[in-house]
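Novice: Submitted below is the structure of interest, expressed as structure tokens.
The values are calculated or read from the model by the stated rules, or taken from the named source; none is laboratory data. All of these numbers come straight from a predicted model, not from anything done at the bench. Every residue, glycine among them, receives a Cβ derived from its backbone with ideal geometry; neighbour counts consider all protein chains shown. These area figures cover heavy atoms from the full protein model, side chains too; ligands, DNA and RNA do not enter into them. Shrake-Rupley method; radii C 1.70, N 1.55, O 1.52, S 1.80 Å.
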Amino acid sequence: MKGNSLKEISLKHLFKKENALFITIITILILIIYVLLTISNLVIDYYYSMNRYNYLARTLIVEKGDKSEKDLDDISNIKHVVANVSNKYYNEFFAPILERDEGQLAIGAIINKKDLKIVKGRSPENLNEIVIPVKFCPYNEFDIEKDKFINGNKLIGSTFTIKSDKSVNYNLDHDDPKYLEMMDKRETVTLTIVGTYDSTANLVEADTAFATIKTIDNLKSPYHGGHGVIDSDGNSIFYNDEYVDRMIRVDSYKNLDYVKNELTKQGFDFWEAMSIDLMEFLTILLVPLVVSIILLIVTFVLIKNFINKKLNNRHTTLGLLKAIGYTNKDIKKLEFTENIIITLFCALVSFIIYFIVYLVVTKNFLAIFNYYSFTVKIPLFLITVLLIFIIIFIKVINNRVTHNILKQNVMQLIKED
Amino acid sequence: MEVESLEIKNITKKYITKSDEVMAVDNVSYKFLSGKFYAIMGHSGSGKSTLISILGTLEVPTSGSCIIGKKDISNLSDEKLSKIRNKNIGFIFQNYALDPNLKSYENVILPMYINEKIKKEDRKNKAIELLKYVNLEARIEHYPRELSGGEQQRVAIARALANDPDIILADEPTGNLDEKNEEIIFDILKKISISGRTVIVVSHNNNILKYADVVLYMQNGKLGVKNEG
């Protein structure tokens, strides 16, 4: 009963003109902190997710060098290695979809079934079968717009027609008539969509389909482009660059270092298919985090000043409450309730504005993240921690200021205002 | 029938400053009876306000004891003293001490919030009755800023009566009022004492002598009886 009474009294003191400026400033500050926390969380989340979920983060490209094919095959015996294939399958095969006026399809090879989380349908088993993302976007990332995503599940059973590069020799000069003739005579291949996969589970771009190695062999040129030299007569010569290196997939990002150590022991040269620079990330992270902390300190200072001013202007009321029988504990609780309601009101209004901004921005301006199958999340945990800090701070300041006021002579307090 | 409502025995209150020791109340003993109107007079600095603070349990004496309703409250905790204040004592202050954010009836209800004996649904009705008692039925929904000084003090009196206390303590209740309003306030306080409560008023105002049953005088911390009716 006493608790409800205290709330009743608090509510009558709350939304007065003199609180309006404080409410406005704190709402804006908390809103900015929410935004900065979202940016910080995005940076942390992206770094963590790419390393944990993107299969390229646990992929190594091992150079053949002077090693034999058997040496390369024996890499499969290293613990935690789950796939050992030609580096032909490292890059996707890109091709325009002939039925569509614009956009492209990227097709990657399935070298380890666990890399894909099939949502509907099945994994490709036969030649020219593909799976596509549930949220499918067959466009270039620079053309990304929010309404260009297609529900992949609705395309199961349909087909795409593309041109195969199997018969093309990339080592030829691109102005060479033979090269042009090869490009004209490329085989048309019909791909059948047999299922969809969850691209957010491995953070693959939304334009990427997957197929068996046999399908990729049916599509990609055996040569991945050459390098040129000038002969003594001044003529350009291209050398064949066949795919001779290997692509190694490790079962988990945690075991990458182990495999790297083993490869080093065995004398292999290798590089990581995807390497995210931690220092770069920390640098990006530092800016929003530092600014959030500064703004939080400013918020705390403002809250402290508000509480001080409010309580010091209420000596008569506080003295009166004491005189009519409220205990020090009751009075502290009353003031705390008022201050918390005001601050949480600010936090709620901030959150509503933030949420609207979040929806608008993520749908309209951050579609690029959707293209990379990455969701910009609301940092609920960080926001909760922020609010807990604020509540604790208010409790401490409130108790301290109220205690100091109530130590004074009650009659003197009542006469003061 | 007169009953002893409040007794003080050998009350002393000393304030120790950096340079001095001030004896605000010096070994004061007195028995206050129900149904009587007491005036405590004296010059500024004589210890009147300190005495009334001690009578109202707002200050703890340096030594001595205070008995309210036959209960020695000398060594009680803040929580218990607060309860006694809430149920047994009503305060009236010179500056009215109304909450500016509450309407008249809401100010009167304020002490009732922490009195479990008064149900929530009865509070407003009781407050209205009390405002009628002090002739303010037309000002129930007004805020203090919309009331005159005399009206505000009457709201304060109604608030002091909220929990049916046995004792009313008033510190210079007419200090900010004109003569006409002084009389209105003293009339109400007299009415309250006749109803059976103990009314103790600290005042410089000689008009109080017309109303008081007993006139006490404070000088240099000591209490004397000027006139006992």
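Novice: Probe radius 1.4 Å, ligands and nucleic acids left out: which of A:162, B:184 has the largest accessible area, and how do the rest follow?
Specialist: B:184, A:162
Novice: Which FRET efficiency value, to the nearest 0.05, is calculated for residue B:135 and residue A:345 with the Förster distance at 41 angstrom and r the Cβ-Cβ distance?
Specialist: On the way: r = 40 Å, r/R0 = 0.98.
Between residue B:135 and residue A:345 the formula returns 0.55.
Novice: Which aspartates and glutamates, on any chain, are close to residue A:67 with Cα under 14 Å apart, when same-chain ones fewer than 8 places away are left out?
Specialist: Of all the aspartates and glutamates, those that pass the test against residue A:67 - Cα under 14 Å, at least 8 places apart if same chain - are A:245, A:269.
Novice: Okay, moving on. Between residue A:25 and residue A:286, what length in nm is gained on full extension when 0.36 nm per residue of separation is reduced by their alpha carbon distance?
Specialist: 91.5 nm
Novice: Give the ranking of B:49, A:275, B:19 by solvent-accessible surface, highest area first, calculated with a 1.4 Å probe.
Specialist: Largest accessible area first, the list is B:19, A:275, B:49.
Novice: Could I ask something else about it? For the protein assembly as shown, what is the Kirkwood estimate of the hydrodynamic radius, computed as the reciprocal of the mean inverse distance between distinct Cα atoms, to one decimal in Å?
Specialist: 32.3 Å
Novice: Roughly how crowded by other chains is peptide B:48-60, in terms of the mean Cβ count from those chains within 10 Å of each of its Cβ atoms?
Specialist: Averaged over the peptide's residues, the number is 2.
Novice: Using a probe radius of 1.4 Å on heavy atoms only, what accessible surface per residue do you get for chain B? Whole Å² is fine.
Specialist: Ligands and nucleic acids excluded, the result is 45 Å² per residue.
Novice: At a 10 angstrom cut-off on C-beta neighbours, averaged per residue, how do the peptides B:30-38, A:65-73, A:192-200 rank from highest to lowest?
Specialist: By packing density, highest mean first, the sequence is A:192-200, B:30-38, A:65-73.
Novice: Shape verdict for the stretch A:55-275, please, from the Cα gyration tensor: rounded (a/c under 1.5), prolate (a/b greater than b/c) or oblate.
Specialist: Taking the square roots of the gyration eigenvalues as a ≥ b ≥ c, the stretch A:55-275 is oblate.
Novice: Additional query: Leaving out ligands, DNA and RNA, what percent of the accessible area of the stretch B:168-229 is carbon and sulfur, probe 1.4 Å? Mind showing how you got there, number by number?
Specialist: On the way: 1230 of 2780 Å².
The computed percentage sits at 44.
Novice: Using DSSP to call loops (not H, G, I, E or B), can you name the GluC sites (Glu not before Pro) in the stretch B:139-183 whose Cβ has at most 13 other Cβ atoms within 10 angstrom?
Specialist: Details: sites: B:141, B:146, B:151, B:179, B:182, B:183; in loops: B:141.
When the GluC sites (Glu not before Pro) of the stretch B:139-183 are filtered for loop state and at most 13 Cβ neighbours within 10 Å, B:141 remain.
Novice: Let me check something: with ligands and nucleic acids excluded, how do A:120, A:16, A:310 order by accessible area (1.4 Å probe), largest to smallest?
Specialist: A:120, A:16, A:310
Novice: Right, next: At 1.4 Å probe size, with the rest of the protein present, what percent of the exposed accessible area of the stretch A:55-275 is carbon and sulfur atoms?
Specialist: On the way: 5260 of 11340 Å².
Percent of accessible area from carbon and sulfur atoms in the stretch A:55-275: 46.
Novice: How far is helix B:149-160 tilted off the main Cα axis of chain B, in degrees rounded to 10, range 0 to 90?
Specialist: 80 degrees
Novice: Round to the nearest 10 and give me the degree value, 0 to 90, for the angle of helix B:78-88's Cα axis relative to the longest principal axis of chain B.
Specialist: 60 degrees
Novice: Something else about it: Whole number in Å², please: accessible area per residue of chain A, 1.4 Å probe, ligands, DNA and RNA not counted.
Specialist: Per-residue accessible area for chain A comes out at 50 Å².
Novice: Further, regarding this structure: Give me a single rounded figure for B:100-112: the average over its residues of other chain Cβ atoms within 10 Å of their Cβ.
Specialist: Whole-number average of other-chain Cβ neighbours for B:100-112 is 3.
Novice: Expressed as a whole percentage, what fraction of the accessible surface of the stretch A:282-365 belongs to carbon and sulfur atoms when a 1.4 Å probe is rolled over the protein heavy atoms? Walk me through the numbers on the way to the answer.
Specialist: Numbers: 3090 of 3910 Å².
With neighbouring chains kept in place, the figure for the stretch A:282-365 is 79 percent.
Novice: What do you get for the angle between helix B:120-133 and the principal long axis of chain B? Use alpha-carbon atoms, 0 to 90 degrees, nearest ten.
Specialist: The answer is roughly 80 degrees.
Novice: Then there is this: Name the shape class, rounded, prolate or oblate, that the alpha-carbon gyration tensor gives for the stretch A:23-159, where a ≥ b ≥ c are the square roots of its eigenvalues, rounded holds for a/c under 1.5, and otherwise prolate holds if a/b is larger than b/c and oblate otherwise.
Specialist: Note, shape of the stretch A:23-159 comes out oblate.
Novice: So which residues of the stretch A:387-417 lose at least 20 Å² of accessible area, probe 1.4 Å, when you go from the chain by itself to every protein chain present?
Specialist: By number: A:409, A:410, A:411, A:414, A:415.
Novice: Looking at the stretch A:296-370 from every direction and averaging, what is the projected area of its Cα convex hull in nm²?
Specialist: Approximately 7.0 nm², given one-decimal rounding.
Novice: Specify the residue with the greatest mean-square fluctuation among A:17, A:178, A:148, computed from a Gaussian network of chain A linking alpha-carbon atoms under 10 Å apart.
Specialist: Comparing A:17, A:178, A:148 in a Gaussian network model of chain A, the most mobile one is A:17.
Novice: Please list 3J(HN,Hα) in residue order for the stretch B:30-46, calculated via the Karplus relation 6.51 cos²θ - 1.76 cosθ + 1.60 where θ = phi - 60°; whole Hz, with x for glycine and proline.
Specialist: Karplus-based 3J(HN,Hα) across the stretch B:30-46 equals 6, 10, 9, 10, 6, x, 10, 10, 9, 10, 10, 10, x, 6, 4, x, 7 Hz.
Novice: What's the total accessible area buried between chains A and B, using a 1.4 Å probe, rounded to the nearest 100 Å²?
Specialist: 2500 Å²
Novice: Please state the relative contact order of the stretch B:4-224 as a whole percent: Cα pairs under 8 Å, 6+ residues apart? Spell out each step's value before the answer.
Specialist: Values: 444 pairs, mean separation 71.1, N = 221.
It rounds to 32 percent for the stretch B:4-224.
Novice: With 29 Å as the limit, write out which pairs from B:13/B:191; A:415/B:18; A:117/A:148; B:48/B:124; A:304/A:407; A:309/B:119 have Cα-Cα distances beyond it, or answer none.
Specialist: Values: B:13/B:191 32 Å; A:415/B:18 24 Å; A:117/A:148 23 Å; B:48/B:124 35 Å; A:304/A:407 19 Å; A:309/B:119 35 Å.
In this structure, B:13/B:191; B:48/B:124; A:309/B:119 exceed 29 Å between Cα atoms.
Novice: Under a 5 Å amide H to amide H cut-off, with H placed in plane at 1.01 Å, what residues pair with residue B:40 once short-range neighbours are removed?
Specialist: B:201, B:202, B:203, B:216
Novice: Also, quick follow-up: Assign one of three labels to the stretch B:4-224, namely rounded, prolate or oblate, based on the Cα gyration tensor with a ≥ b ≥ c the square roots of its eigenvalues; rounded applies when a/c is under 1.5, prolate when it is not and a/b is larger than b/c, and oblate otherwise. Display every interim value, and only then the final one.
Specialist: Working: a/c = 1.79, a/b = 1.42, b/c = 1.26.
Cα axes put the stretch B:4-224 in the prolate bin.
Novice: Residue A:274: accessible area at probe 1.4 Å, nearest 10 Å²?
Specialist: About 30 Å², rounded to the nearest 10.
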